[in-house]
Amino acid sequence: MLGAIDVGTNACRLLIAVPDRQSSQASVPRVIDSYTANVRLGESLERTGALTGAALDRTIAALKECARRLKRRQVTHVKAIATEACRRAANAQDLVARAQAEAGIRLTIVTPEEEARLAAAGCLQLIGAEFDGALIFDIGGGSTELILVRRCAAGSASHDIVAWSSAPIGVVKLAERHGGRELRASSYAAMRAELAAMFSRMKAELEPDLFDAKRYHLLGTSGTLTTLAGIRLGLKRYERSRIDGQWLARDEILKISDDIVTRDFEGRAAIPCVGTDRADLILPGCAILGAIMENWPCGILRVADRGLREGMLIALLRESERPS
């Protein structure tokens, strides 16, 4: 029984899974339980450089719930990680210490490289069979990872990471820089301007000559893209089974995004699949997604409602199967 906990800048997420011996994809565990709490750990981090007491309390409460679920399911192998907010916060070790003392969870702060590797591993199955590879992107609360992966050989299910890049910018951080909770539509242009040089640098790091839009596609694992996919499908509420693996045309995404970025907070909150919880974060998410699509023009995108935690589960499964 496997458990993966991801403490991000915006949310604390848990997946519990078991090895799926009946599946043709035996290397991918079968999820039997999940939990998400929007803890907003990175709240005010951009301004203060530290995690607030309230954010720590919310995160510890979520980790206690994770611990209860792990115990109820009798989970035997657990991996718990923290990402960009804890990489930057001066008092990140307060969270690590409290997680151990109050929830019994050993929390590890991972590097951007490890985060990118795990995110890629979690969604490799969604690279289109007719493509040579994909540019995987993960727009998080505090950072954005880009990973270029290439198929090892024609017809192979294995892929290699060719290049990767990480930028310390995500939807929470960008929102705080440009107005906070009730972000105005007028801030969108300034967001895009701020991202221009950053994504130009990332493009240079990602072997730009290797990305051929005829042989590679974009593969996004982020709340921004899954939300846009839900809007595209006309969903009244989010349905993972209809979102994960969905193919979307670039023009469809741009049309939806162009509508969202003209709306202020109340207008964004009125959109099904956005609501008040994501009405502030969807605007910077569209800005980051727009920068990605501008630098890696590609006619088609695939949506992954999977990634970091699934990569952690795969790593745990491999570790559990090693001879002792």
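The values are calculated or read from the model by the stated rules, or taken from the named source; none is laboratory data. Fair warning: this is a prediction, and the values are worked out from it, not measured in the lab. No Cβ is skipped: glycine too gets one built from the backbone with ideal geometry, and neighbour counts run over all protein chains shown. Protein only, heavy atoms only, side chains kept; ligands, DNA and RNA dropped before computing areas. Shrake-Rupley method; radii C 1.70, N 1.55, O 1.52, S 1.80 Å.
Got a sec to turn the phi values of region 50-59 into Karplus ³J(HN,Hα) couplings, 6.51 cos²θ - 1.76 cosθ + 1.60 with θ = phi - 60°, whole Hz, x for Gly and Pro?
Running phi through 6.51 cos²θ - 1.76 cosθ + 1.60 with θ = phi - 60° gives 9, 7, 6, x, 5, 5, 4, 4, 4, 5 Hz.
Give the carbon-plus-sulfur fraction of the accessible surface of region 194-238 in %, rounded to a whole number; probe 1.4 Å, heavy atoms of protein chains only. Could you put the intermediate results ahead of the total?
Working: 1070 of 2160 Å².
Of all accessible area on region 194-238, carbon and sulfur atoms account for 49 percent.
Taking the solvent-accessible surface of protein heavy atoms with a 1.4 Å probe, what is the per residue accessible area of region 245-324 in Å²?
That works out to 40 Å² per residue.
Under the Karplus relation 6.51 cos²θ - 1.76 cosθ + 1.60, θ = phi - 60°, what is the ordered set of whole-Hz ³J(HN,Hα) values for region 64-80, x standing for Gly and Pro?
Ordered by residue, 3J(HN,Hα) equals 5, 5, 4, 4, 4, 5, 4, 5, 4, 8, 6, 5, 9, 10, 10, 10, 10 Hz.
Please work out the C-alpha center-to-center distance from region 250-324 to region 214-238 and express it in whole Å.
The two parts, judged by their Cα centres, are 6 Å apart.
Cut-off under 19 Å on the C-alpha distance; same-chain residues fewer than 8 positions from K203 excluded. Which lysines are left, in chain and number order?
Within the straight-line limit of under 19 Å, K203 reaches these lysines: K214.
Excluding residues fewer than 8 places away in the same chain, name every one of the lysines whose C-alpha is closer than 18 Å to that of K71.
Cross-link targets: K79.
If you count only protein heavy atoms with a 1.4 Å probe, what accessible area per residue comes out for region 184-225, rounded to a whole Å²?
The answer is 48 Å² per residue.
Ignoring ligands, DNA and RNA, what accessible area per residue does region 90-181 give at 1.4 Å, in Å²? Walk me through the intermediate numbers first.
Details: 3680 Å² over 92 residues.
Per residue, region 90-181 has 40 Å² of solvent-accessible surface.
For K255, give me every one of the lysines with a C-alpha distance below 21 angstrom, ignoring sequence neighbours fewer than eight places off in its own chain.
K255 reaches K236.
Net charge near A185, counting Lys/Arg +1 and Asp/Glu -1 over other residues with Cβ under 13 Å of its Cβ?
Within the 13 Å Cβ shell, the charges total -2.
What is the chain's relative contact order, in percent, from Cα pairs under 8 angstrom and six or more apart in sequence?
It comes to 20 percent, rounded to a whole number.
Rounded to the nearest 10 Å², what accessible area does F211 show when all protein chains are kept and the probe is 1.4 Å?
My reading of the accessible area for F211 is about 30 Å².
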